[in-house]
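Note sheet for the following structure.
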Amino acid sequence: MGIRIPGRQYSTATTRLPWPRARSRQFRPTSAVVESYEDMVGQVDAVLLARDDAENHLAMSIPFLDAGLPIYVDKPIALSLEVLDSLYAHQRYPGQLFSCSALRYSADLQPTPQMLADLGDVKHIQAVVPRSWERYGVHVVEPVLNSFGLFDSPCVVRPHRMAGVHVVTVDWGALSASFTCLGAVPGDIRIRLYGSRACREMIFTDTFSAFRGALQSFVDGVRSRQEVIPRTQLHGIVSILEKGMAREH
């Protein structure tokens, strides 16, 4: 990934396929390629687990967590609170484990003070993302929870599935939201806010700035050895993801 962060370089890479391994040797600053991810222990200062298959995150993270290496686990970190708690059980110090949707850092999806003033009291949120709830739902859930401080707020979550589209409604009482994952249907990532005086729509377009912000936060945490995103916030995100996967009653 062509993102430069002062004071850091990417020095080791691993992949399951031989072609990307061969290609990665052609680019700098990558200086070593290993066949197995466990071989990176002792060769790196930190790890970026850039895989969105949450079902494998626990097994792949344990060697690095047990070795005391800081690790950035790609979104979603887990799809159940049980797995999330298991990951944290292997954490050796606060802030060793980092995970987020990079869209948390997207200015495109952050309502400005002026926008909120124009809206009045926000009553409902509609968020849309392509692909599956399991892999992409976090891209709209996390920005919404972050913008409105809802990580710890009690809520009722109801999943609905129809014609390949997965809709999850969340009710916090004074505020509700519907998160729509379009599956194979193409579409932009967008969040629409409905307030007591107006409605406004935000569309995600700036991928680079969002991912750079996420990587910068991870590096800041590596340097400070402090928790950048509290565990309680990840708990709130994963709780909604898990409930959104439940079968309809």
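Only the coordinates and a few stated rules stand behind these numbers; no lab work does. Just so you know, these numbers come straight off a predicted model, no measurement behind them. So basically every Cβ, Gly included, is an ideal-geometry build from the backbone, and we count neighbours across all protein chains shown.
Things worth noting here:
- Neighbour net charge for Gly195 - beta-carbon separation under 15 angstrom, K R +1, D E -1: +1
- Viscosity 1.002 mPa s, 20 °C: Kirkwood-radius Stokes-Einstein D of segment 145-228 over Cα pairs, µm²/s: 135 µm²/s
- Computed from the C-alpha gyration tensor, the three semi-axes of the ellipsoid equivalent to segment 104-205 are 21, 16, 12 Å, from longest to shortest.
- Calculated FRET efficiency for the pair Arg197/Asp220, C-beta based, R₀ 41 Å, to 0.05: 0.65
- Protection-proxy order for peptides 210-223, 131-144, 193-206, each taking the mean of Cβ atoms within 10 Å per residue, highest first: 131-144, 210-223, 193-206
- Over the chain, Cα pairs under 8 Å with separation of 6+ residues give a relative contact order of 21 percent.
- The chain - Rg (one decimal) and Dmax (whole number), Cα, Å: 18.9, 57
- Full extension of the chain between Val228 and Met245 gives 3.4 nm of extra length, using 0.36 nm per residue less the Cα-Cα distance.
- Degrees between helix 57-66 axis and first principal axis of the chain (Cα, 0 to 90, nearest 10): 50 degrees
- Potential extension, Val34-Tyr93 segment - 0.36 nm per residue separation minus Cα distance: 18.6 nm
- The alpha carbon convex hull volume per residue for segment 27-132 rounds to 183 Å³.
- Net charge, Ser80 excluded, C-beta distance under 12 Å - Lys, Arg +1, Asp, Glu -1: -4
- Each part reduced to its alpha carbon centroid, segment 89-120 and segment 189-249 end up 5 Å apart.
- Spin-label zone in segment 66-106 - amide nitrogen under 14 Å from a point set 7 Å from the Cα of Met115 along the C-beta vector: 103-106
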